[in-house]
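**Student:** Can you read through this structure? Questions will come right after.
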Amino acid sequence: MKKRACLASIGLLFVSVVMMGCAPVQKTTLTKSNLPNLKGTWQGWTTFSSVQSSPIRTTLQITNDTVQSEET
């Protein structure tokens, strides 16, 4: 009886891991209005639409909620 319960729990764990791995990726666009809510360190995959290449693992750190642009 204990063996069945153990196998059932391992099976449920495996199914939940597979389902979480197939979850859709949420894309977030950075704007002035949502920037204060996004402070912190974020990790994910970056794809560049202009270049045919594999996604690149990216770490983004947002330390403040002001947008600065550099003009030359």
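**Student:** Once you place label points 7 Å from the Cα toward the Cβ at THR31 and ARG4, how far apart are they in nm?
**Tutor:** Modelled inter-label distance: 5.5 nm.
**Student:** Which three extents, in angstrom, do the Cα atoms of segment 2-62 have along their principal axes, listed largest first?
**Tutor:** So the extents along the principal axes, rounded to whole Å, are 55, 33, 16.
None of the figures in this text is laboratory data; all of them are computed from the coordinates on show. In this text, all values refer to a predicted model and were calculated from it rather than measured experimentally. In this analysis, Cβ positions are derived from the backbone assuming ideal geometry, glycine residues included, and neighbour counts consider all displayed protein chains.
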